[in-house]
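Okay, so here's the structure we're looking at.
The values are calculated or read from the model by the stated rules, or taken from the named source; none is laboratory data. Please read these numbers as outputs of a predicted model, since none were measured by experiment. Don't worry about glycine lacking a Cβ; one is built from the backbone with ideal geometry, like all the others, and counts go over all protein chains shown. Note: accessible area is taken over every heavy atom of the protein model, side chains too, but ligands, DNA and RNA are not part of it. Shrake-Rupley method; radii C 1.70, N 1.55, O 1.52, S 1.80 Å.
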Amino acid sequence: GNAISVTSGQEVTYCYEVTNSGGVTLTLHALEDSALGTLLTDFSYSLPPGASAFITESAVITETTVNTATWTSFNPGPTDVATGTATATVTVELPPPAIVLTKTVGTDPNVCATSDDIGVPAGEEVTYCYTVTNTGGVTLTLHTLEDSVLGVLLTDFPYDLGPGASTFITESAVITETTVNTATWTAINPGPADVAVAYATARVIALLPEIVVTPAALAAETGPHETATRMLAIRNDGFHGLNWTITFAEEACGEPGALPWASAAPAAGATQPGQTSEVAVTFDPSGLGSGGYDEVLCVSSDDPDEPVVSVPLSFTVGQYELRLPFVVDTTEIGR
């Protein structure tokens, strides 16, 4: 056929076939194509009456093309000049409107990251990068971008995005918890016409500390003049450093009235992920009478799920021993 349809950028092959319909052998040939230019110039080939010959030429077509070929055959002189023409049409069918959206996230606000899944300490700022590419065949001129967490970032923003072209925008946010958000980019032309929509998702894992305090309670029993020490373990099962401090309260954490008989060493510290810190809790009966005492040890930390852990303390102080002096009455012995 002399008419076909292709997509833009496809290669096609033209075939030019000439037949000598006269009575004289023709020995020289020229071929000119209105779109492809000169293909033959005084090409030597004996073409007798009734015979045919052909050549082919390939080209990449990016737009609809109608081209006319002119074949001239003759003998030296020139004499016996004969000319034939033919036309072919290649129609370029544009792809429908289409876009592809890529969403990445990183910690450098000046560079589009390469990943759509990262982990950062809770409270850190990250930057999302939204890159849209026009994979269709129509230039799109108005753009809307909405993020499921960050809200509307563009509304009918004017920008000519031609076929094959890309553009991007960035948006920064502080992440306090693990976040998975989906972006929707809509590109259109006024009307609206040529509507194209694409989606992309990114995830930011908030790296948080996770405190575990053992044992759940501490108890000691001493005499009136001796102290006792019990060990408390603070473990970090999370993915970020844990900062903690120890205080005491009489009945409940956050309430005043701590009794002076308990102390902790160290009273503050930092525990890395997967590590355990040991705290020595000392029970001291100085100034106390005999009997039982209760108090609360409070471990405050930056674990957002469990900012305060209460450890009940129970302390029993024994009775004082009364020792009377032994007196010997020597007068009675003498009797």
| note | Flagged in region 234-276 as open to solvent by 50 Å² or more (accessible area, probe 1.4 Å) and among the aromatic types (Phe, Trp, Tyr), in numbering order, are 239
| task | State all residues of region 285-297 that are part of a strand (DSSP E or B) and surrounded by 19 or more Cβ atoms within 10 Å (Cβ to Cβ); if no residue qualifies, say none. | result | 295, 296, 297
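Taking the condition in contact (Cβ under 8 Å) with a residue 60 or more places away in the chain, closer than 13 Å to residue 233 by Cβ and either open to solvent by less than 50 Å² (accessible area, probe 1.4 Å) or not aliphatic (A, V, I, L, M) (or both), does residue 279 pass? Explain how you work it out, then say what you get.
On the way: in contact (Cβ under 8 Å) with a residue 60 or more places away in the chain: no; closer than 13 Å to residue 233 by Cβ: yes; either open to solvent by less than 50 Å² (accessible area, probe 1.4 Å) or not aliphatic (A, V, I, L, M) (or both): yes.
No, not satisfied.
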| query | Is it fair to say residue 7 is of a type in the set (S, T, N, Q), modelled with pLDDT under 95, within 54 Å of the chain's Cα centre (by Cα) and exposed (fewer than 14 other Cβ atoms within 10 Å of the Cβ)? | reply | yes
| remark: The strands (runs of 3 or more DSSP E) lying wholly within region 1-51 that contain at least 1 residues that are under 16 Å from residue 78 (Cα atoms), touching a strand residue (DSSP E or B) at 6+ places or on another chain (Cβ under 9 Å) and not aliphatic (A, V, I, L, M) are 26-33, 37-47
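Could you look through region 298-308, keep only residues that are part of a strand (DSSP E or B) and touching a residue at least 60 places away in the same chain (Cβ under 8 Å), and pick out the one that is most open to solvent (accessible area, probe 1.4 Å)? Working first, answer last.
Of the residues in region 298-308, the ones part of a strand (DSSP E or B) are 298-301, 308.
Subsequent filtering for residues that are touching a residue at least 60 places away in the same chain (Cβ under 8 Å) retains 299, 301.
Details: 299: 0, 301: 22 Å².
Out of the qualifying residues, it is 301.
Can you list the strands (runs of 3 or more DSSP E) lying wholly within region 83-168 that have 2 or more residues being over 30 Å from residue 26 (Cβ atoms), open to solvent by less than 70 Å² (accessible area, probe 1.4 Å) and at pLDDT below 95?
117-121
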| message | So, residue 228, is that one modelled with pLDDT under 95 and in contact with a Ser or Thr (Cβ under 6 Å, 6 or more places away or on another chain) or not? | response | no
